[in-house]
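Below is one structure; the comments refer to it alone.
All of the numbers you see were taken from the coordinates with simple rules; none came from a lab. On a predicted model such as this, the values are computed, not experimentally measured, just so you know. Ideal geometry is used to build each Cβ from the backbone, glycine not excepted, and the neighbour counts take in all protein chains shown.
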Amino acid sequence: MDPVIELRQATKRFRSSSGGVHTAVSDLTMTVAAGEFVAVVGPTGCGKSTTLSLVSGLEPPSAGEALVGGSPVRGIPDGVGYMFQQDAIMPWRSVLDNVAAGPRYRGATKAEARAKARDWVDRVGLSGFERYYPHQLSGGMRKRVALAQTLVNEPRILLMDEPFSALDVQTRGLMQDELLRLWSGSGAAVIFVTHDLEEAIALGDRVLVMTASPATVKGSFPVPLPRPRDVEEVRLTAEFLEIYREIWDSLREEVETARERGAANVA
Amino acid sequence: MSHDTLVQPVTAESPLPDPRRAATKRRYTVWSIRVLLVVAVLGSWEYSASTFLDPFFYSKPSLVWQKLVDWFTVGTSQGSIWEQIEVTLEEALGGFVLGAIAGVVLGILLGRSRLLSDICAPFIKAANAVPRIVLASLFVIWFGLGMSSKIATAFVLVFFAVFFNAFQGAREVDRNLVDNARILGASRTQVLLTIVVPSATSWILASLHSAFGFALIGAVVGEFTGADKGLGLLINHSQGTFDAAGIYAGMIVITVLALLAEWGLSALEKRLLKWRPPAAGNEMQI
Ligand SMILES: Nc1ncnc2c1ncn2[C@@H]1O[C@H](COP(=O)(O)OP(=O)(O)OP(=O)(O)O)[C@@H](O)[C@H]1O
Ligand SMILES: [Mg+2]
């Protein structure tokens with residue numbers, strides 16, 4: 001099958017604050033097939049968010065290529081949904097109007113947009129909070145608003161940057177199940193960045209391990225667990241533990257490298 | 001140790017003060033001290049002007065009050081007081097609205113366009129450094145004694161006050177919000193209207209408070225420079241006839257107008273910024 005998302009030797013450099021050049025992503029090659037759920041793990045600061053920004057078209061690669069749907073990314077490709085790591089919902093709009101923003105931008109009438117939005121507010125479990133402003137919500141609720149805001153556009157390509165890291169364990173489990181349920185019918189290609197290896201395995205068809213900065217793909221590990229999955233159940237199976245051990249072996253080295261460098265920088 | 005001392009629930013007879021009662025009492029104290037202060041100042045002024053100060057130069061509260069009553073019942077040297085108020089308000093309002101619109105539009109445009117702001121920066125800085133009050137004289141020559149010269153003076157004063165805030169507000173827009181909107185499908189214009197303008201609103205509203213004061217100053221100074229109607233002319237006329245009470249009375253009328261406008265703007269601000277968390281210290285708690 002043709003890949004929906006493809007990075008070919010993509011490299012991204014930034015000008016660092018000291019005036020030098022910082023390479024965030026180096027020579028990164030990866031593909032994601034239609035309908036595939038790829039989870040990405042890697043040490044903090046390695047360049048995971050930067051990778052997503054290349055795919056979304058918000059940042060052009062410094063070298064190499066990013067392709068979506070077979071054509072090079074110029075500007076934001078059609079059908080991309082991107083849930084940022086940071087809060088990005090509009091503080092001056094109510095929950096409902098935040099979720100309705102996407103359809104409104106895309107030309108739906110106010111009534112249509114609101115009807116769609118109301119449906120998605122329900123699906124992320126926020127019914128009753130439609131008229132609240134973001135400052136009246138908890139951090140986890142704001143994340144759910146962002147999720148609904150992204151999914152209401154029915155993206156074919158879904159980029160998620162640590163969407164659940166602000167949630168408590170119970171809510172996170174619920175949201176993970178919910179995400180799998182919503183995704184299973186959609187046929188969307190997903191890149192899901194997370195710090196949590198368990199989450200990566202529980203959700204993904206494949207787990208990509210990134211190297212310490214600059215990021216490239218260190219290894220790609222298929223997750224042959226059957227679907228539909230119940231994230232709480234699947235964690236307890238023997239296969240899960242085996243996969244976990246295998247990936248963690250690979251990830252640990254990178255985390256340690258990153259930590260040593262961090263310590264060296266501080267010293 | 002007895003149980004009574006250990007358990008200290010908040011019961012009806014516990015010495016916790018009722019917060020609402022406390023607030024009422026506080027308000028009462030604040031207001032009575034304010035009134036006392038006003039009475040003390042006015043009283044000592046009245047007393048000094050009746051004993052050792054010359055009321056011809058310094059006037060006194062009773063004379064100022066008399067003047068105000070005169071103006072509102074009999075009329076002023078220039079005709080009905082209401083007409084003067086109306087003229088000044090119209091000029092101030094005209095300058096305020098035009099200046100605010102121009103300031104907001106230009107501020108946001110320059111704030112969002114690197115190129116434009118780089119080109120215009122030196123001109124704007126230079127224009128801002130010009131002593132703008134002096135322009136009032138120029139405007140009288142250009143536009144004559146009528147309203148338009150005062151509107152122009154108010155306009156330049158308001159424009160710069162609003163412009164710099166709108167500019168700053170448009171610059172400080174959260175990048176994530178803009179990126180998020182673009183991903184959600186917003187065009188450039190939609191980003192401008194749904195992200196940049198609302199982000200800059202609190203900055204702009206903050207500047208509008210002082211801007212209306214500036215608009216009034218502009219109108220009054222304009223009238224001072226040369227006019228056939230208005231509160232500034234009235235004050236100018238009082239100055240010409242050494243009528244100190246008239247100057248005070250004019251000041252009071254203008255102050256009241258400014259306070260009323262301030263109150264209206266605060267109400268508008270509260271409405272437009274209802275999405276903001278309440279300021280620390282007066283959260284909506286039970
Ligand atoms: N706009 C930018 N300008 C300069 N440097 C940047 C920029 N964006 C990212 N970087 C740098 O690139 C590196 C990778 O950042 P990135 O946000 O992609 O990391 P990450 O893997 O998402 O980290 P985390 O897991 O903590 O979110 C960091 O060292 C960061 O300082
Ligand atoms: Mg990140």
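For the range A:53-93, what size does the Cα cloud have along each of its three principal axes, sorted from largest down, in whole Å?
Taking max minus min along each principal axis of the Cα atoms, the range A:53-93 gives 38, 21, 14 Å.
At R0 = 35 Å, how high is the FRET efficiency between B:TRP142 and B:ASN176 if r is their beta carbon distance? Nearest 0.05 is fine. Intermediate values should be presented prior to the final figure.
Numbers: r = 47 Å, r/R0 = 1.36.
That gives a FRET efficiency of 0.15.
For the range A:87-154, what is the Kirkwood hydrodynamic radius in Å, using each pair of distinct C-alpha atoms? Mind showing how you got there, number by number?
Numbers: mean 1/r = 0.0881 Å⁻¹.
Kirkwood hydrodynamic radius for the range A:87-154: 11.3 Å.
How big is the shadow of the Cα convex hull of the protein assembly as shown, averaged over all directions, in nm²? Present the calculation step by step, with values, prior to reporting the outcome.
On the way: hull surface 164.7 nm².
Convex hull of Cα atoms, orientation-averaged projection: 41.2 nm².
Take every Cα pair under 8 Å in chain B that's 6+ residues apart, average their separations, divide by the length, and report that relative contact order as a whole percent. Walk me through the numbers on the way to the answer.
Numbers: 299 pairs, mean separation 61.7, N = 286.
Relative contact order of chain B: 22 percent.
What share of all Cα pairs of chain A, in percent, falls into each consecutive 5 Å distance bin?
1, 6, 12, 16, 18, 17, 14, 10, 5, 2, 0, 0
In whole Å, what are the Cα extents of the range A:79-209 along the three principal axes, biggest one first?
42, 29, 22 Å, listed from the longest principal axis down.
When the dipole is taken about the Cα centre of the range B:192-285, and only Lys, Arg (+1) and Asp, Glu (-1) are charged at their Cβ, what size is it in debye, to the nearest 20?
The calculation lands at about 380 debye.
What dipole magnitude, in Debye to the nearest 20, does chain A give about its Cα centre under +1 on Lys/Arg Cβ and -1 on Asp/Glu Cβ?
1060 debye
For the range B:63-272, build the charge dipole from Cβ charges (+1 Lys, Arg; -1 Asp, Glu) around the Cα centre, then report which of B:TRP203, B:VAL178, B:PHE164 sits farthest towards its positive end.
Selected residue: B:VAL178.
Run the simple label-point estimate for A:SER184 and B:LEU259 please: 7 Å along Cα→C-beta, distance reported in nm.
6.9 nm
Using a cut-off of 21 Å between alpha-carbon atoms, which lysines can reach A:LYS218, once sequence neighbours fewer than 8 places away in the same chain are excluded?
A:LYS12, A:LYS48
Chymotrypsin sites (Phe, Trp or Tyr not before Pro), restricted to the range B:38-146: which are DSSP loop and have at most 14 other Cβ atoms within 10 Å?
B:PHE52
Taking 45 Å as R0, compute the FRET efficiency from the Cβ-Cβ separation of B:TRP82 and B:ALA23 and round it to 0.05.
E(calc), rounded to 0.05, equals 0.70.
Set Lys and Arg Cβ to +1 and Asp and Glu Cβ to -1, take the dipole of the protein assembly as shown about its Cα centre, and tell me which of B:PHE212, A:SER184, A:ALA200 lies farthest positive.
Result: B:PHE212, furthest along the dipole toward the positive end.
Which parts of the range A:62-78 would a label at A:SER220 reach, counting a residue when its backbone N lies under 20 Å from a point 7 Å out along Cα-to-Cβ?
It comes to A:64-73, nothing else.
Express in nm, to one decimal, how much length is gained between A:SER127 and A:HIS22 on full extension, taking 0.36 nm for each residue of separation and deducting their alpha carbon distance.
Additional length available on full extension: 33.3 nm.
For the range A:1-157, take every pair of Cα atoms, bin their distances at 5 Å starting from 0, and report each bin as a whole percent.
Bins of 5 Å from zero give 2, 9, 16, 17, 16, 14, 13, 9, 4, 1, 0 percent of pairs.
What would the Debye formula give as log10 I(q)/I(0) at q = 0.17 Å⁻¹ for the alpha-carbon point model of the range B:63-272, no solvent?
Once normalised to I(0) and log-transformed, intensities are -1.09.
Between A:LYS110 and B:MET251, what's the calculated FRET efficiency when r is the beta-carbon distance and R0 is 45 Å? Round to 0.05.
0.35
Which of B:VAL69, B:VAL196, B:VAL30 moves most in a GNM of chain B, Cα contacts under 10 Å?
It is B:VAL30.
If the elastic network links every pair of Cα atoms under 10 Å, which of A:ALA34, A:ALA188, A:ALA88 fluctuates the most in the Gaussian network model of chain A?
Judging by the Gaussian network model, the answer is A:ALA88.
Report the paramagnetic label zone for A:ASP230: residues of the range A:178-192 whose backbone N is under 17 Å from a point 7 Å from Cα along the Cα-to-Cβ axis.
Answer for the range A:178-192: A:178-182.
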